[in-house]
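Taken together, the values in this text are just the output of simple stated rules run on the coordinates, not laboratory data. This is a predicted model, so every value here is computed, not measured. Positions of Cβ are backbone-derived with ideal geometry, glycine not excepted, and every protein chain shown enters the neighbour counts.
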Amino acid sequence: MKLYVLFGMLFMTFQTHSQNAVKITFMPKFESENLTLNKVYYFKNDTLNISNFKCYISNLTYYKNDSIVHSSIKKAHLIDATDSSSFIILENEFFKFDKIRFNIGVDSLTNVSGIFEGDLDPANGMYWTWQSGYINFKIEGSSSLCPARKNKFYWHIGGYSPSFNTLRQVSLKTNGKVSIQLDKLFEEIDISEEYQVMSPSDGAVQIADKLPSLFKSNQ
Amino acid sequence: MRKNVIILCLFVFIMFSFVLIKDNHFFYPPDYFPKPVYNFEQPPLDSNKIELGRILFYDPILSKDNTISCASCHSPFNAFAHTDHDLSHGIFDSIGNRNAPALFNLAWQKTFMWDGAINHLDMQALAPISHPSEMGSNINEVIKKLNESKAYKELFLNAFQDSTISTSKILKALSQFQLTLVSSNTKYDKVKMGKETFTEQEKNGYQLYKNNCASCHSEPFFSNYNFENNGLPIDPALNDMGRYVITENENDKRKFKVPSLRNLSFTYPYMHDGRFMTLQEVINHYTSGIEYSETLSLQFNKSIELSSNEKVDLISFLLTLNDKDFVFNKKHQFKKISDQAKE
């Protein structure tokens with residue numbers, strides 16, 4: 001009898017734990033809406049759409065009162081606009097936190113350590129094949145202000161070498177709901193000038209500098 | 001009972017020694033080769049993975065129109081370089097920008113390609129598979145095609161105890177095969193091991209090599225695998241800036257990865273664009289063709305002077321770096337998938 005009670009209690013604690021397991025949501029957004037791929041947005045004096053958005057979140061660490069309470073077991077997590085389940089990072093554990101810190105992109109050690117599986121599989125389209133290295137942040141689409149063929153823009157932001165390092169750190173007070181405000185990019189980048197960034201370069205570094213400000217806590 | 005234990009011990013011992021022998025069998029560099037750069041731990045070399053890698057290396061299934069394999073540009077009989085044309089041909093006969101380098105002793109290289117664009121052997125194969133003028137495919141397409149083959153499913157199962165075909169399994173298998181391409185059985189190596197001796201001419205050539213070439217083409221690989229500018233005039237049709245393409249650092253303009261001098265008789269034409277057909281032309285370049293530029297390697301501040309006899313001596317030494325055992329090693333040669341497992 002006693003044993004049953006014990007098991008029952010154990011079961012309940014497990015249950016509550018799994019229910020309260022920490023979960024972070026990274027929601028790609030355009031202004032106040034959740035991002036819809038290929039939807040036409042009217043933004044300032046531009047008409048634009050986003051056809052592809054992917055980015056890596058890595059080395060995610062949780063803080064409470066400025067001390068670390070948890071480090072995510074997952075090395076790197078790929079957010080992919082075509083798959084809403086990729087917006088969620090689940091920790092399978094319960095703890096309290098008030099701040100998170102993470103990198104946008106894949107760190108240099110991982111970049112030089114050969115082949116990985118899962119989110120880091122080069123088949124995900126986030127790896128440059130002709131020059132080793134992960135693409136940290138990728139966004140593609142078209143914009144009426146973009147002078148390229150069919151108004152298409154490509155921002156593939158990556159590069160891990162000291163001269164073109166595009167890994168950026170974000171530190172954010174949050175309870176778990178984070179938005180990625182993609183509209184901000186179109187405010188900050190002059191798309192009539194900078195519409196094709198597809199290799200580690202000064203242009204990529206400049207765009208990388210703007211990425212942390214896209215991440216907002218969404219209480 | 002005791003007897004059984006003894007027999008069992010003996011059996012275990014024999015099995016164990018087989019495992020050891022088997023291991024040495026794949027990768028046995030001489031002891032004057034330094035420690036490899038490649039991390040052999042995950043996963044360790046294994047005969048099934050190597051065999052799978054070898055079959056993939058020779059299979060045009062990796063290219064978009066099933067016409068080009070790795071070996072189309074990296075032939076075993078040319079120490080895995082390519083000799084037909086200076087600039088390697090890819091699908092639809094489009095011409096790549098560079099000469100296909102020989103492949104051996106890859107376990108000791110820090111970077112790959114003439115400009116060091118690739119930072120790890122495992123990642124290298126993604127470049128030719130995806131390059132529009134090489135194999136013109138992409139890794140997802142390759143995985144799809146391999147998945148349709150029963151024979152490949154079986155090979156992957158044998159190699160990885162799991163038949164799901166993934167990027168990492170394909171790349172690891174290709175690496176494992178290429179890691180077994182070790183060239184260490186030249187006359188030079190035999191002299192080094194005390195098994196043979198140089199002729200007077202070769203000895204003289206060795207000294208000339210040490211004085212003029214060894215700072216870049218250093219022993220025992222005959223390359224330091226660094227990036228240098230050896231004074232080749234720029235080919236205006238290609239305007240290839242080498243290492244600079246990757247780093248965009250002015251100091252890297254016109255620098256290319258130093259190639260090995262092993263197996264030169266099999267790897268012509270020479271240089272990143274295959275501009276020289278013979279070793280005579282190469283030596284003449286070093287004695288009278290060096291073009292000055294800002295990034296020219298300092299060694300060439302003083303010009304290299306060689307009499308015609310010395311040139312002959314130097315070449316006779318270079319020929320002691322040919323490794324016939326390596327080039328004609330059957331274990332590295334063509335293997336068709338149907339030889340392994342019938343569909």
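Worth pointing out:
- Angle between chain B longest axis and helix B:200-212 axis [Cα atoms, degrees, rounded to 10]: 80
- Highest-fluctuation residue, B:Leu238, B:Leu157, B:Leu181 considered, GNM on chain B with Cα pairs under 10 Å: B:Leu238
- Among B:Trp114, A:Trp130, the ranking by other beta carbons within 10 Å of each residue's beta carbon, starting with the fewest, stands as A:Trp130, B:Trp114.
- Take the Cα radius of gyration of the protein assembly as shown and divide it by 2.2 N^0.38 Å, N being the number of residues; the result is 1.15.
- Helix-only [θ]222 nm of chain B, DSSP H runs n ≥ 4, -39500 (n - 2.57) each, per residue, nearest 500: -11000 deg cm²/dmol
- Cα centroid of segment A:102-147 to Cα centroid of segment B:178-203, whole Å: 44
- Here the residues B:Ser168, B:Ser288, ranked from fewest to most Cβ neighbours within 10 Å of their Cβ, fall in the order B:Ser288, B:Ser168.
- Across chain A, the mean sequence separation of Cα contacts (distance under 8 Å, 6 or more residues apart), normalised by length, yields a relative contact order of 22 percent.
- For chain B: rounded, prolate or oblate by the Cα gyration tensor [a/c cutoff 1.5]: oblate
- Fewest-first ranking of B:Glu154, B:Glu41, using other Cβ atoms within 10 Å as the exposure measure: B:Glu41, B:Glu154
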